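Derivation of every value follows stated rules applied to the coordinates shown; laboratory data play no part. Quick caveat, the model's predicted, so the values are computed rather than measured. Reconstructed Cβ throughout: ideal geometry from the backbone, glycine too, with neighbour counts over all protein chains shown.
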Amino acid sequence: MIHSLTSLDGTPASRLAFGTMQFGGRADRAASQTMFDAALDAGITHFDTAHVYTDGASESYLGEMIKPHRERLIIATKAAYTGGATPDNILSSAETSRKRMDLDVLDVLYLHRFDPETDMHLSFETFAQLKADGVIRHIGISNFAAWQAAKAASIAAKFDLTITLIQPMYNVVKRQAEVEILPMAQEFGMLCAPYSPLGGGLLTGKYASGGTGRLSEDDRYAARYRFDYMHSAAEKLSQIAAREGVHPATLAVAWAAAHTTAPTPIISARSSEQLEPSLAALSYTMTPELYTEMAELVPAPPPATDRAEET
């Protein structure tokens, strides 16, 4: 059974989450506020940030915006992207995040990525301390492989902890999570909140028409989506969207949310105009036929056993 995720007043997590990575970076204070308001109006209750985003501006902006709505919102942040998952780093990061957002309690604190140099017993002993002290309500892990997540769940249990959320990359052209992460999360009861449902903007169709964004401005994203078959799939997705009379971003987000394990994709944007088609996925009905057609835009990843006859 998937762990339930609710706000302080019991409001359930929305079907999509909103990621504030752009707050204080590509989105200034006014644009960030407009997107936050649009997300609230659409019914979003789950907001995601991180200690390292935009040198702290993301958390600071979000903290200001949530004040009138705090009790009904779920606020997730992340620690230890840099500096390792050591007790001191986790504690320092959590305290900094709380101060930036002026929060008594963090609804979710993620380990931002796996740290092979630190004994996870130390990390989760620290999470247990934070939870006992009322600093955090839920624990998440981000960018973990399935075996790392299973190991984390086993170690967390020694401290009477459960891992509520896992955050992998997942979209139409990045489907590796289907092989082990999504079924593992379901088996362990973790809510999966995948990021990049739009593939850094690739699946919006904007790059084919000369637009700019992460793929043209960020070397990491350029490398991640450099393969020709991904760009071909994006072009075909735009053609499907035109046929269906819907924005490609709406289809891409709806597709990521339609997996049988019911993940909660994290949507983001740099403006309210960019955000609108992703929010539209909340009310879009993805038919099984369309889901299959989109899935076939790229080859399915092989099963974990790599036995072709099992696909």
Query raised in the report: In terms of modelled amide H atoms, which long-range or inter-chain residues lie less than 5 Å from the amide H of Tyr110?
Result: Thr77, Lys78, Ala79, Gly140
Query - Amide H contacts of Gly84 (H built 1.01 Å from N, under 5 Å, at least 5 apart or other chain) - result: none
Query raised in the report: With a 10 Å Cβ neighbour count serving as the proxy for reagent exposure, in which order, fewest first, do Ser283, Ser272, Ser278 appear?
Result: Ser283, Ser272, Ser278
Report summary line: Diffing the range 289-304: the Karplus 3J(HN,Hα) column from phi (6.51, -1.76, 1.60, θ = phi - 60°), in whole Hz with x for Gly and Pro, holds 5, 5, 4, 5, 4, 5, 4, 7, 5, 10, x, 5, x, x, x, 4
Query raised in the report: What angle do you read, to the nearest 10 degrees and between 0 and 90, between the alpha-carbon axis of helix 29-42 and the longest principal axis of the chain?
Result: 80 degrees
Query raised in the report: What's the angle, to the nearest 10 degrees (0 to 90), between helix 87-101's Cα axis and the longest principal axis of the chain?
Result: 70 degrees
Report summary line: Of the candidate values (1) 18.8, 55; (2) 18.1, 51; (3) 21.2, 73, the one computed for Rg and Dmax of the Cα atoms in Å from this structure is (1)
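Based only on other Cβ atoms within 10 Å, what is the fewest-to-most ordering of Trp255, Trp147?
Working: Trp255 25, Trp147 11.
The most exposed by this proxy come first: Trp147, Trp255.
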Query raised in the report: So who's got an amide H within less than 5 Å of the one on Cys192, skipping anything under 5 residues away but keeping other chains? H placed 1.01 Å off N, in plane.
Result: Ile166, Thr264
Query raised in the report: Taking the alpha-carbon centroid of each part, what is the distance from the range 113-172 to the range 38-108 in angstrom?
Result: 17 Å
Query raised in the report: From the backbone phi of the range 63-69, what are the Karplus-calculated ³J(HN,Hα) couplings (6.51 cos²θ - 1.76 cosθ + 1.60, θ = phi - 60°) in whole Hz, Gly and Pro given as x?
Result: x, 5, 6, 7, 3, x, 10
Query - Footprinting exposure proxy for Thr96, Thr305 (fewest neighbouring C-beta atoms within 10 Å first) - result: Thr305, Thr96
